[in-house]
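In what follows, a structure is listed as structure tokens, so that the remarks can point back to it.
The values are calculated or read from the model by the stated rules, or taken from the named source; none is laboratory data. Here the structure is a predicted model, which means the values were calculated and not measured. Don't worry about glycine lacking a Cβ; one is built from the backbone with ideal geometry, like all the others, and counts go over all protein chains shown. In case anyone asks, the SASA skips ligands and DNA or RNA and just uses the protein heavy atoms, side chains included. Shrake-Rupley method; radii C 1.70, N 1.55, O 1.52, S 1.80 Å.
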Amino acid sequence: MSAKVKTMERKGASFSEKIYFVEIFRGMATTFGHFWKNLLDNSKLYVRHYPEVEPEIPVRWRGRHRLTSHDDGTVKCVACFMCQTNCPANCIAIEAGERLDGKAEKMPATFTIDLLECIYCGYCVEACPLDAIRMDTGIYSVTDNNRESFVLGLEELLQTPGAFSEEEYKKGGA
Amino acid sequence: MFADWLFTGFSILSVLGAIGLVTFRHPMNGAMSLVITLISLAGLYALLSAKLIFAIQLIVYAGAIMSLILFIIMFLNVQTDDLPEEKDRFLYLIGGGVVLAPVFFFLKKIVQSLPASETTIVGNGFGGVKEVGLLLFKDWLLPFEIVSILLLVALIGAVVLAGKRRVSK
Amino acid sequence: MSLLDIILVAVRVAFAAFIPLCFIAVCVWMERRGAGFFQDRAGPNRANIFGFRAAGLVQNLADGAKLFFKEDVISDHIKHKFYFVLAPLIVFFAALVSFAVVPFADTLVLNGKSYIMQGIPIDIGILWFLALAGFGVYGIILAGWSSRNKYGLLGGVRSAAQVISYEIPMGLAIVSLLVVYGTVNLNEMAQFQGKLLFGFIPMWGIILQPLGFMIFLIAAFAETNRTPFDLAEGESEIVAGFHVEYSAMKFAIFFMGEYIAMFASSAIIVTLYFGGYQIPFLATDTLISYAKPIAFLLMLGLPAGMYFFAGWIRRNNVSHYPRENDPRVYEANIYIKCFWGLVIVLELFLFALLLCQSEGSAAHIFVVLLQVSTFLLKVTMMIFVYIWVRWTLPRFRYDQLQKLGWQVLLPLALLNIFITGAIVVALS
Amino acid sequence: MIQDYLILSIILFCIGILGVVSRRNVLIIFMSIELMLNAANLAFITFSRFHESMDGHVLVMMVMAVAAAEAALALAVVILLHKHKGKLDSNVFSLLKG
């Protein structure tokens, strides 16, 4: 595969560009064009009317985490510690416990994510061998008054539903 | 009457500023008190109906020279530890004052022998920009040119002195 | 001193003191909304009082309230607390007082007595401005030095050196202007610019001194520490320059001082190069003798202008997303009603002027008001230029800045003086 | 009245001399010299007002130009000395060679 090489002409060498004035006025004309257009008709602004209009969230968008479960409601996670090991922010803390339903040997006794530490990098999702942790809840605004409520436990993580159907999620390529 | 009050105020301020200059340990304090002196001197010049000199005093002395000094104090980042000790400066000041007192009284005697004169504001453009400028460029042209050369020499000298030295081997 | 004298003194002092303070709000608003529009954003438009957003002006109130109630921190390592507190005040008041010499209308003649329309009636107008511009440096130096912190010190050194070195081209540009006008009095300068060159071009400073204008403009940008010369507060290198250590109201005073300096230097640029309060082709005498026709034309023009303005408000003050019973339409209707009310008041005022029989006083006052509004309009446009440049040009590097000042502007200013002198000598 | 201005000028001049003689900080010494120059300026302006001739004003302008030149040079020297010795004490700068 040969790389396509495009030679760009280097700007700023000619006399009129070196003297700056012409270029300054051209730049100012450009910015004024934008200003004037938006001043006359502000419906052309490239803005999202956020609090009133909810943003559209694509499938691969990384929102708050959740833990997935089997069809019978048991947790998929087997407490393999892959996500905890991979987490660059050290926000995941797992304690493993014995699993009695026969699906695997272990299950998490506690699974906490500190959202104030989390950097939403998505490495935990990448690392998980069983697709047990996902970031597809579509929750982008995480606010509260006290620090304790940002530490999510196993129950909360399991109860949050995903924002997309299974087919959409698979098609999204995550 | 109002001019008298202004004179009293300005002169007290200027003397206080000058005393502050010689007594404060830190040069920043000294410089700020000198600024007070210079500004009140500008006010005195205005009382003596020297309008142009009033403006020039504010621009050159209070504006340029003092801000240069302050700039140097900031540039060298002079903090209290870098200063000379000067524990006995008040002793020196009092001693110097005792020595200088006869000089002061002698000069005062001379000054008081001058004929009394009013200092009301003079009208008809005395001290205005145009009048002083005409005088400067007619009668005082040669000194003016010499001063301009002096300024040029000072400029070059300052650049040579404070500029970067090449390391000679 | 009659009652009229006292009233006029009060009016002009109030004008010189309060108009810059009022313009802080306008400047901040223009800056933020303007920045938004330049970058295809909307700017702050959510803060409101009972749903009235006043096009974003309410945001200023919110910011002011926030700064006012913030904790005022003076760090423990700051030894010279007096200078630390003094510095923002110096910046603020130097800027405020430097505006006081700018004439905002021609000399008002009432009952045969003339009243000068500037805050401080002083002959040496432009020299006063130079002196006060020099005092602003003290604030920067004291703030940078007393912060006792590397960022503050470096920012202070930078911006003090910048202000000191750009004062020289500024002064030289003014010198060539003085050669042309032959006076240092700002009011006489503005009167000079009311004349016409070759009978049809207004004799503004920018036409007589184009090179001087460019030099003065660049130097004024550098004096006010605005982009492209705002490297005192290069966020990427020295965080906020000399006001790193400042918080709450002390920072707000610095901030307001900067905007007042911007306003004052816009006013000076307008007075020196854009005819000050003069309306082009209409000198004060012409205005006074044709006061009634002009008032009549204004009476016709105001509703027409208001009609388009109302249309603009109605078009733009709506929510650009589906919404039931859009409150912004209601808001826009109220604004439009207020503005129509204002127009009616103005119309009544103009009508009273038309009916007024006494020649002289009424026409004189009308002309003064007209000139004040012209002046403020010009100043606002100049402030817009400041904002426009800020959101167009990138920041200079420090050595480029000093090189521009000393190696380009200084020789150009000297050349400008030389050319001006030669032309003035040749023409006289 | 003229006498008051002249006496003020003398007072300022004496304080300037005191500062030069008794202080060891080079910056303060330098500023005291500026103070003396200013006292002389005040005398110039006063006499100029006394005789109602403006030659004194011109002389003051000359003095200010000289003071500006002196300020530039002296501060350059201060920077140089501070670079060499790192101090602002005039006793340290007693050597003639750098």
Query raised in the report: What's the buried accessible area, both sides, between B and C using a 1.4 Å probe, rounded to 100 Å²?
Result: 2200
Report task. Answer with one residue from C:Gly34, C:Gly199, C:Met256: the one whose Cα lies farthest towards the positive end of the charge dipole of chain C, charges on Cβ with Lys, Arg +1 and Asp, Glu -1. Result -> C:Gly34
Report summary line: Magnitude of the Cβ-charge dipole (Lys and Arg +1, Asp and Glu -1) of the stretch A:66-171 about the Cα centre, nearest 20 debye, reported as 200
Report summary line: Of every hundred units of 1.4 Å-probe accessible area on chain C, the number belonging to carbon and sulfur atoms, as a percent, is 73
Query raised in the report: What figure in square angstrom, to the nearest 10, would you give for the accessible area of D:His82 with a 1.4 Å probe?
Result: 40
Query raised in the report: What number comes out for the charge environment of C:Leu354, summing +1 per Lys or Arg and -1 per Asp or Glu over other residues with Cβ under 12 Å away?
Result: 0
Query raised in the report: In debye, nearest 20: dipole of the protein assembly as shown around its Cα centre with unit charges on the Cβ of K, R (+) and D, E (-)?
Result: 1740
Query - Principal axis dimensions, largest first and in whole angstrom, of the protein assembly as shown by Cα - result: 118, 83, 60
Query raised in the report: What ranking of C:Lys81, B:Lys109 comes out by heavy-atom accessible area, probe 1.4 Å, highest first?
Result: B:Lys109, C:Lys81
Query raised in the report: Which of D:Ser22, D:Ser48, D:Ser32 moves the most in a Gaussian network model of chain D with Cα springs under 10 Å?
Result: D:Ser22
Report task. Using a 10 angstrom cutoff on alpha carbons, build the Gaussian network for chain C and name the most mobile of C:Leu196, C:Leu302, C:Leu127. Result -> C:Leu302
Query raised in the report: If the cut-off is 19 Å between C-alpha atoms, which aspartates and glutamates fall inside it for C:Lys70, apart from same-chain ones fewer than 8 positions away?
Result: C:Glu245
Query raised in the report: Which residues of the stretch C:55-81 show a drop of at least 20 Å² in accessible area when all protein chains are present, compared with their chain alone (probe radius 1.4 Å, heavy atoms only, ligands and nucleic acids excluded)?
Result: C:His80
Requested in this report: First compute the accessible area of the stretch A:102-168 with a 1.4 Å probe, then give the percent of it belonging to carbon and sulfur atoms.
Outcome: 51
Report summary line: Interface call, the stretch B:89-104: threshold 20 Å², probe 1.4 Å, accessible heavy-atom surface of protein chains, chain by itself vs complex, result B:Tyr92, B:Leu93, B:Leu100, B:Phe104
Report task. Calculate, axis by axis, the spread of Cα positions in the stretch C:15-65 along the three principal axes, and write the results as whole Å, longest axis first. Result -> 35, 28, 15
Query raised in the report: Is it possible to state the helix-based mean residue ellipticity at 222 nm for chain B, with each DSSP H run of 4+ residues giving -39500 (n - 2.57), the sum divided by total residues, to the nearest 500 deg cm²/dmol? What is it?
Result: -22500 deg cm²/dmol
Query - Residue-averaged [θ]222 nm for chain A, counting only DSSP H segments that reach four residues, each worth -39500 (n - 2.57) - result: -7000 deg cm²/dmol
Requested in this report: At a probe radius of 1.4 Å, figure out the B/D buried accessible area, summed over both chains, and give it in Å² to the nearest 100.
Outcome: 6800
Query raised in the report: Which distance in Å, rounded to a whole number, links the C-alpha centroids of the stretch D:12-79 and the stretch C:25-95?
Result: 43
Query raised in the report: Which of A:Met82, A:Met107, A:Met28 moves most in a GNM of chain A, Cα contacts under 10 Å?
Result: A:Met28
Query raised in the report: Which percent of Cα pairs goes in each bin when the distances of the stretch D:2-85 are cut into 10 angstrom slices starting at zero?
Result: 18, 39, 29, 11, 3, 0
Requested in this report: Kindly report, to the nearest 10 Å², the accessible surface of C:Cys338 as traced by a 1.4 Å probe over protein heavy atoms only.
Outcome: 90
Report task. State the percentage of accessible surface on the stretch B:2-162 attributable to carbon and sulfur atoms; use a 1.4 Å probe and exclude ligands, DNA and RNA. Result -> 77
Query raised in the report: How big is the Kirkwood radius of chain C, worked out from every pair of different alpha carbons and given in Å to one decimal?
Result: 23.7
Query - Phi to ³J(HN,Hα) by Karplus 6.51 cos²θ - 1.76 cosθ + 1.60 over the stretch A:15-20, Hz, x for Gly, Pro - result: 5, 5, 7, 6, 7, 6
Report task. With a probe of 1.4 Å, find how much accessible area the stretch B:2-162 has per residue, and write the answer as a whole number in Å². Result -> 50
Query - Angstrom value of the Kirkwood radius, inverse mean 1/r, which spans all Cα pairs in the stretch A:66-171 - result: 14.4
Requested in this report: Find which of A:Thr68, A:Gly138, A:Tyr123 sits farthest along the positive direction of the dipole of the stretch A:66-171, computed with +1 on the beta-carbon of Lys and Arg, -1 on that of Asp and Glu, about the Cα centre.
Outcome: A:Tyr123
Report summary line: Residue-normalised value, i.e. accessible area per residue, for the stretch C:376-415 at 1.4 Å probe, in Å², stands at 54
Report task. Can you tell me the 0 to 90 degree angle between the C-alpha axis of helix A:21-40 and the longest principal axis of chain A, rounded to 10? Result -> 60
Requested in this report: Mind scanning C:Lys66/C:Lys150; C:Lys150/D:Lys85; C:Lys150/D:Lys87; C:Lys81/C:Lys403; A:Lys37/C:Lys378 and naming the pairs with a C-alpha gap bigger than 25 Å?
Outcome: C:Lys66/C:Lys150; C:Lys81/C:Lys403
Report summary line: Ranking C:Leu61, C:Leu427 from most to least accessible area with a 1.4 Å probe gives C:Leu427, C:Leu61
Report task. Output the DSSP H helices from chain B with an along-axis C-alpha extent of no less than 27 Å and a mean Kyte-Doolittle hydropathy no less than 1.6. Result -> B:2-23, B:141-162
Query raised in the report: For the stretch C:271-338 and the stretch C:358-428, what is the separation of their C-alpha centers, rounded to whole Å?
Result: 26
**Report entry** Mean ellipticity per residue at 222 nm, deg cm²/dmol - from DSSP H runs of n ≥ 4 across chain D, formula -39500 (n - 2.57)
**Finding:** -28500 deg cm²/dmol
**Report entry** Quarter of the Cα convex hull surface for chain B, i.e. its orientation-mean projected area (nm²)
**Finding:** 15.5
Query raised in the report: Which residues of the stretch C:125-169 show a drop of at least 40 Å² in accessible area when all protein chains are present, compared with their chain alone (probe radius 1.4 Å, heavy atoms only, ligands and nucleic acids excluded)?
Result: C:Leu127, C:Ala131, C:Phe135, C:Tyr138, C:Ile141, C:Trp145, C:Arg148, C:Leu153, C:Val157, C:Ile164
**Report entry** Probe 1.4 Å - accessible area at A:Thr68, Å² to nearest ten
**Finding:** 10
**Report entry** Where chain D is the region considered: accessible area per residue in Å², 1.4 Å probe
**Finding:** 37
Report task. Over both sides of the C-A contact, add up the buried accessible area with a 1.4 Å probe and give it to the nearest 100 Å². Result -> 2100
Report task. Note the angle between two axes, namely the Cα long axis of helix D:2-22 and the longest principal axis of the Cα atoms of chain D, as a number of degrees from 0 to 90, rounded to the nearest 10. Result -> 10
Query raised in the report: How big is the charge dipole of chain C about its Cα centre, in debye rounded to the nearest 20, if each Lys and Arg gets +1 on its Cβ and each Asp and Glu gets -1 on its Cβ?
Result: 680
